[in-house]
Amino acid sequence: MSSRKKVLLKNKNSDYKLKVIILGDSGVGKTSLMNQYVNKKFSASYKATIGADFLTKEVLVDDRLVTMQIWDTAGQERFQSLGVAFYRGADCCVLVYDVNNQKSFETLDSWRDEFLIQASPRDADSFPFVVIGNKIDVDDGKRQVPQKRAMAFCQSKGNLPYFETSAKEAINVEQAFEVIARHALAQEEAEEYTGDFGASTIVDIGADADRDGCAC
Ligand SMILES: Nc1nc2c(ncn2[C@@H]2O[C@H](COP(=O)(O)OP(=O)(O)OP(=O)(O)O)[C@@H](O)[C@H]2O)c(=O)[nH]1
Ligand SMILES: [Mg+2]
């Protein structure tokens, strides 16, 4: 067994810090999704987000403790850029629309483009986006975007994971964020291995540890 093993050692508090950014039109439920996920609360009253705000949540991803910093942005300010610094270092971008609002679906692409311009990730094609169609609890008759159409969009953008949720009824919210965390962690690790080591250290423990019965 001659393969050399590389182990990524993190600093003492060995959490991974993951930055997740939620984008989408005003009123689609970005704040509600974040509140449902982090605080398990839902409010029916609408209070538009101003600028951006974040909540953190610690989660286990395959036995690794990660801290997700979830940034909720204001849909009303889509053309007022939050600035390049805000997007920098993002590990996953969540694109939210309202399944009962066709326009909020049609703007997903421009939210995605905007993110890629601002964040300018090293590899735009592989950057993890997750798409959420929210408010599925609303009367079926009011639905404007068929699931098939949303799935076709996600497929055309490189097979993006797609979830239909209700922040109100807590449907699929946990599941969506679990996948978001997983993709964000994979992205963070990929970035570290491509040279942005930050406070981490790569230790090459070599082949010796694998060798059977030979101390040389
Ligand atoms: N029925 C239903 N209503 C929802 C759901 N999610 C959010 N809402 C309602 O939709 C309205 C807008 O929700 P927000 O979470 O504030 O929307 P937002 O995307 O954060 O809006 P901005 O901050 O303006 O960008 C509020 O009245 C929420 O109560 C849902 O899953 N089902
Ligand atoms: Mg909001």
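The values are calculated or read from the model by the stated rules, or taken from the named source; none is laboratory data. This structure is a prediction, so every number in the text was calculated from the model and none was measured. Don't worry about glycine lacking a Cβ; one is built from the backbone with ideal geometry, like all the others, and counts go over all protein chains shown. Accessible surface is based on the protein model in full, side chains and every heavy atom, while ligands, DNA and RNA are left aside. Shrake-Rupley method; radii C 1.70, N 1.55, O 1.52, S 1.80 Å.
See the values below:
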read-out	value
Selection count where residues are in a loop (DSSP other than H, G, I, E, B) and over 22 Å from E189 (Cα atoms), scope segment 77-112	10
Lone qualifier among D63, D98 - being within 18 Å of E178 (Cβ to Cβ) and more than 17 Å from the chain's Cα centre (by Cα)	D63
Verdict on R122 being modelled with pLDDT under 95 and more than 20 Å from I22 (Cβ to Cβ)	yes
Selection within segment 92-118 - over 25 Å from I171 (Cβ atoms) and in contact (Cβ under 8 Å) with a residue 60 or more places away in the chain	E114, F115
Breaking point among (1) open to solvent by less than 60 Å² (accessible area, probe 1.4 Å); (2) closer than 18 Å to E178 by Cβ; (3) not β-branched (V, I, T), for D137	(2)
Members of segment 74-115 found to be small (G, A, S) and either within 16 Å of ligand 1 (Cβ to nearest atom) or surrounded by fewer than 13 Cβ atoms within 10 Å (Cβ to Cβ) (or both), listed by number	A74, G75, S81, G83, A85, S104, S110
Single unsatisfied condition, L65 versus (1) within 12 Å of ligand 1 (Cβ to nearest atom); (2) surrounded by fewer than 17 Cβ atoms within 10 Å (Cβ to Cβ)	(1)
Filter result for L82 (within 16 Å of ligand 2 (Cβ to nearest atom), at pLDDT below 95 and at negative phi)	yes
Entirely in segment 125-216, the strands (runs of 3 or more DSSP E) that have 3 or more residues that are within 16 Å of S104 (Cα to Cα) and modelled with pLDDT under 95	none
